[in-house]
Structures are given as structure tokens and as C-alpha cells.
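Colleague: Encoded as C-alpha cells, here's the structure I'll be asking about.
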Amino acid sequence: MFGKKKFEEAPLGYWEEKSYFMLIPGNGIPETNEISERVSGVEGINVLKNNFDEKSGVFFIDVKYDNEEFQLGFYPGGFSLPEVYLNSFFHFSDDEIEKIKSASTSLTFFMEFGKDIKKSYHLQLKISAAVMPDMLVLVDESAERLLPAKWAVLAAQSKVTPGPNDIYNVHAVIDDGGEVWLHTHGLCRCGLTELEILQSSKENYNNHYNLISTLACYIIDKNGSFDPRKESAFIGILTNRNPVVAICKSWTEAIGEYKKLKMGGAADRADAHNTRTSPIFLYKTEADEKRKKISKVTDYDKLWGENPIFFFSNEETARMKALAMERFDYLKKAMEDKENKALVKIGLLVDGGNDDNYDYEHIWFELLEFDGDRFKGKLTQEPYNIKDLHTGDERWFTVENVTDWQLYTPKCTVNPGNVYLLFA
């Protein structure tokens with residue numbers, strides 16, 4: 001009797017052990033003394049020591065930030081743009097793309113993340129913006145994507161950390177038959193596992209993308225205290241009210257659950273996607289969870305319905321609210337142009353709710369007008385748990401009520417996370 005073939009995870013790559021950025025210069029790469037001076041000028045940083053390693057050619061700077069020590073590494077090198085990095089939800093103009101493609105030099109900056117993932121990523125952005133204020137683009141090698149310089153600078157200047165979605169990237173590989181293989185990049189540098197969904201399809205891609213993104217954000221928010229290979233995560237509800245409970249397996253075990261795997265099988269992992277990466281499975285019922293009976297994500301393909309609900313953590317809801325409030329003046333200024341329209345999400349206490357328990361319903365209002373520090377909104381949807389408020393009702397609010405916003409211009413849609421588009 002022959003058993004299943006056994007596979008082993010490969011060692012992590014350098015870009016998975018630490019967080020690697022490539023800073024593409026607009027006007028040359030700074031010298032080591034300039035790098036040190038600019039790092040020391042970042043608010044909250046105390047430089048402990050500098051060291052140039054002759055053998056590796058890396059300039060190391062040890063710093064203390066928020067009562068935690070970090071070692072930063074910098075080295076100059078060449079640059080050639082990988083085409084896959086262009087598959088980004090960030091916007092780049094044709095002129096910007098041509099300049100990036102023409103770039104030939106870079107300053108690589110790497111560091112190991114500390115105990116708080118989002119703060120560590122924020123620190124790396126702050127240092128990047130300080131070290132190369134005229135950068136053409138920031139290449140996040142660990143997440144395999146490009147970050148617009150304007151986005152990076154605004155994120156660095158913010159008092160609010162970037163969100164979990166900013167820290168990783170989801171790639172979709174599609175074969176000729178329409179099968180889709182979803183997998184993340186950027187989670188390993190956080191001390192976490194990358195996530196995958198196997199045998200997705202063009203028809204179900206959107207729900208699967210939301211599933212993998214929600215689980216990624218969930219484990220980032222846990223800062224390493226949660227292992228999705230050992231614990232399940234209740235992250236959503238289907239239209240029929242069935243729960244979405246996710247669990248993972250290492251790829252070395254997971255591919256054995258599939259008989260006809262066109263992508264993501266052993267052959268596709270000879271040189272990549274073979275380290276700490278984990279396909280997602282689901283528990284359909286509480287009984288299944290007790291018995292450890294897993295189901296493939298594709299088993300839910302006829303169950304998603306039109307509007308499955310994926311959860312945000314209270315921490316992420318608070319972070320989004322803080323960023324929406326911090327950048328609300330961008331919206332207010334943009335609304336001086338009468339061609340622009342906007343929606344504002346307001347957090348309202350539900351009937352019988354408790355403020356301490358975050359018993360809020362977050363609902364969208366059409367932005368009608370400003371009056372000093374107040375603004376008027378018209379409700380665009382019927383609330384679930386607020387009986388005296390209905391679609392079309394108009395109310396006055398202040399920025400303290402705002403939890404999110406969307407600005408619609410003739411050229412693009414802007415939200416608190418991509419306000420850099422207003423300056424593109």
C-alpha cells in the first residue's frame with residue numbers, strides 16, 4: 001500500500017524573513033552620512049549606533065522607537081521593474097509607469113518587524129520618506145507591489161497607522177480554463193503564514209478575494225497571537241445566515257485534499273510558494289468543527305448569495321474612523337467643486353445599544369452641504385436596528401460622527417486611504 005507523497009516547507013526567503021523596500025530615487029541615492037542624519041530626524045527615533053559592513057556592503061543603523069529596538073539595513077543597487085508588480089490596485093499614470101520602467105538604481109532598505117505589525121510597517125514608511133523625500137516610487141519587495149510615492153509620504157505623515165490591507169498583497173493567477181489561484185505576499189515578514197485559496201474561478205473570485213483578505217486582516221490584528229493552522233476564525237456570515245469559519249493547513253498537507261489541481265500543486269511549488277504558506281478551508285457547521293471535518297472553499301460557491309457579510313475587528317473599525325476624521329478636510333476642500341459628489345458613513349448607536357460595547361450601525365449618507373463645522377447628510381439605506389430613522393431622512397453631523405467617506409470626482413473615486421489621488 002502506498003501512502004501520500006510527503007512534502008516539506010522550504011526555508012523562508014530573505015524577503016520573507018524581514019521586510020524589504022526598494023526606494024527608487026528621483027535625484028540620486030544619498031550617502032551613508034545623509035541616511036544617518038535623515039533617520040535621526042524622524043520623530044520618535046533615537047539612533048543608537050551606525051555600522052558599515054564592508055563584506056556585505058550594508059550600512060546598518062540601530063535605533064530605538066516606541067521603547068523597542070530595531071536594526072535598519074541600507075544598500076545601493078540596480079533596479080529592473082518586474083512586470084508582476086504592475087498588477088496593483090494603486091493608480092499610476094502612464095508617465096509614471098514609463099519613468100519607473102526607465103529607472104536603473106535603487107536603495108534597498110530592510111528591517112525586521114517588531115511586536116506590533118502595523119506600527120512596524122508604519123515606521124518603515126516613515127524612515128523611507130525621510131531617507132528619500134524625492135523618491136520616484138517605493139517598491140515593496142516583500143509584498144511584490146509598487147507603492148506611489150505620494151501615498152507613502154502621506155501614510156508616513158499620518159498619526160494613524162496603515163491598515164492591515166496595506167501590509168500584504170493578493171495575487172491572482174488565472175489559467176486558460178478560467179481556474180484562479182489566489183495567494184498573498186507580505187504576511188511572512190510579519191511572522192505569519194501566507195494565505196491561499198485553491199481552485200477559485202472568475203465567477204467566485206470576488207467572494208474568495210474578500211474571504212482571503214478578511215482572514216489576512218484578522219491575523220494581522222492579532223499580532224502573532226493567533227495561528228490559523230491551529231485555530232479557527234469566525235470572520236463572516238452568508239446571506240442564509242450560515243457562519244463563515246476559516247481554518248488553514250500548510251500547503252504540504254493541503255494539496256493532498258485536491259484530486260485535480262490545475263494550479264498550486266507540487267509542480268507549481270518547485271521554485272516558489274513553497275515556504276510558509278497555507279490554503280484556506282472552512283467548517284460548515286459547529287459539528288464539523290468539533291470533528292475537525294474541513295471543507296474546501298469552493299464547496300461554498302453556491303452558498304455565498306448576493307451580499308455575504310465579512311467582519312471588521314473593533315480595532316480596525318476604530319483605525320478607519322481615525323483616518324477618516326484625520327483626512328476629512330480633504331473631502332471638505334474637494335466638495336468646493338460642485339462636480340464632485342460624496343457619501344459619508346456615520347456610526348449611529350442602535351436602539352438599546354451600549355456605547356462601551358461598540359453597538360453601532362455604520363450607514364451611508366449622501367453629503368448635501370456644509371455649515372461651518374457641521375454637515376448635512378441624507379440617508380441612502382434603511383437601517384437594520386434604528387427604528388426612527390429611514391431612507392431619505394436628513395440629519396446634521398460633525399466630523400466626530402464620521403467613520404468613513406467616499407468622494408466621487410469626474411476622474412476617480414477617493415477614500416481616506418487613497419487621498420493621494422487628489423494630487424495625481
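The values are calculated or read from the model by the stated rules, or taken from the named source; none is laboratory data. Source: prediction; values computed, not measured. With ideal geometry, Cβ positions are generated from the backbone for all residues, glycine too; neighbour counts draw on all protein chains shown.
Colleague: Restricting attention to the range 86-127, which residues are of a type outside the set (A, V, I, L, M, F, W, C) and touching a Cys at 6+ places or on another chain (Cβ under 9 Å)? Step through it out loud before you land on a result.
Modeller: Kept after step one, since they are of a type outside the set (A, V, I, L, M, F, W, C), are these residues of the range 86-127: 87-88, 91, 93-96, 98-99, 101-102, 104-106, 108, 112, 114-116, 118-122, 124, 126.
His91, Ser120, Tyr121, listed by residue number.
Colleague: Could I ask something else about it? Against the definition (among the charged types (D, E, K, R) and surrounded by 11 or more Cβ atoms within 10 Å (Cβ to Cβ)), how does Glu9 come out, yes or no?
Modeller: It is true that Glu9 is among the charged types (D, E, K, R) and surrounded by 11 or more Cβ atoms within 10 Å (Cβ to Cβ).
Colleague: Any chance you could count how many residues in the range 285-303 are among the aromatic types (Phe, Trp, Tyr) and either modelled with pLDDT of 95 or more or assigned to a loop (DSSP other than H, G, I, E, B) (or both)?
Modeller: 0
Colleague: Just the residues that are surrounded by fewer than 16 Cβ atoms within 10 Å (Cβ to Cβ) and either charged (D, E, K, R) or within 13 Å of Cys248 (Cβ to Cβ) (or both), please, taken from the range 191-225.
Modeller: Correct list: Lys202, Glu203.
Colleague: Contact list please: Cβ distance under 8 Å, first residue in the range 385-410 and assigned by TED's automatic domain parsing to the domain that holds Lys341 and among the aliphatic types (A, V, I, L, M), second residue in a loop (DSSP other than H, G, I, E, B) and at pLDDT 95 or above, pairs at least six apart or on different chains.
Modeller: From residues that are assigned by TED's automatic domain parsing to the domain that holds Lys341 and among the aliphatic types (A, V, I, L, M), the pairs are Leu407/Met335; Leu407/Asn340; Leu407/Asn415.
Colleague: Using the structure shown, decide if Tyr85 is surrounded by 13 or more Cβ atoms within 10 Å (Cβ to Cβ), modelled with pLDDT of 95 or more and not in a strand (DSSP E or B).
Modeller: Details: surrounded by 13 or more Cβ atoms within 10 Å (Cβ to Cβ): yes; modelled with pLDDT of 95 or more: no; not in a strand (DSSP E or B): yes.
Considered against the rule, which asks whether it is surrounded by 13 or more Cβ atoms within 10 Å (Cβ to Cβ), modelled with pLDDT of 95 or more and not in a strand (DSSP E or B), Tyr85 comes out as no.
Colleague: Being over 20 Å from Leu147 (Cα atoms), of a type in the set (D, E, K, R) and in contact (Cβ under 8 Å) with a residue 24 or more places away in the chain is the filter here; which residues of the range 16-33 pass it?
Modeller: Glu17 - this is the single residue of the range 16-33 that is over 20 Å from Leu147 (Cα atoms), of a type in the set (D, E, K, R) and in contact (Cβ under 8 Å) with a residue 24 or more places away in the chain.
Colleague: Among the numbered criteria (1) more than 17 Å from Glu316 (Cα to Cα); (2) at pLDDT 95 or above, which one does Val350 miss?
Modeller: It fails just one condition, (2).
Colleague: Exactly one condition in (1) among the charged types (D, E, K, R); (2) in contact with a Pro (Cβ under 9 Å, 6 or more places away or on another chain); (3) crowded, with 16+ Cβ neighbours inside 10 Å is false for Asp268; which is it?
Modeller: The number of the failed condition is (2).
Colleague: Regarding the range 389-403, can at least one residue be identified that is closer than 23 Å to Leu154 by Cβ and of a type outside the set (A, V, I, L, M, F, W, C)? Step through it out loud before you land on a result.
Modeller: Of all residues in the range 389-403, those closer than 23 Å to Leu154 by Cβ come to 399-400, 402-403.
So of that shortlist, the ones also of a type outside the set (A, V, I, L, M, F, W, C) come out as 400, 403.
Yes, the range 389-403 contains a residue that is closer than 23 Å to Leu154 by Cβ and of a type outside the set (A, V, I, L, M, F, W, C).
Colleague: Can you tell me which residue is farthest from Asn67 (Cα to Cα) among those in the range 125-140 that are of a type outside the set (A, V, I, L, M) and surrounded by 23 or more Cβ atoms within 10 Å (Cβ to Cβ)?
Modeller: Among those residues, the one meeting the criterion is Asp140.
Colleague: To continue, here is another question. List, please: which pairs have Cβ atoms under 8 Å, are six or more places apart or on different chains, and start with a residue in the range 145-167 that is on the phi > 0 side of the Ramachandran plot and assigned by TED's automatic domain parsing to the domain that holds Lys101 and end with one that is surrounded by fewer than 20 Cβ atoms within 10 Å (Cβ to Cβ) and of a type in the set (Gly, Ala, Ser)?
Modeller: Here the result reads none, with nothing in the range 145-167 linked to a residue that is surrounded by fewer than 20 Cβ atoms within 10 Å (Cβ to Cβ) and of a type in the set (Gly, Ala, Ser).
Colleague: Take Leu72 and decide whether it is assigned to a loop (DSSP other than H, G, I, E, B), aliphatic (A, V, I, L, M) and surrounded by 11 or more Cβ atoms within 10 Å (Cβ to Cβ).
Modeller: Here the answer is no, as Leu72 does not meet what is asked.
Colleague: Filter the range 227-251 for residues that are of a type in the set (Val, Ile, Thr) and surrounded by fewer than 18 Cβ atoms within 10 Å (Cβ to Cβ); which is farthest from Phe311 (Cα to Cα)?
Modeller: Applying the filter and picking the extreme gives Thr239.
Colleague: If you don't mind, there's one more thing I want to ask. Is the range 334-343 home to any residue that is at pLDDT 95 or above and part of a helix (DSSP H, G or I)?
Modeller: yes
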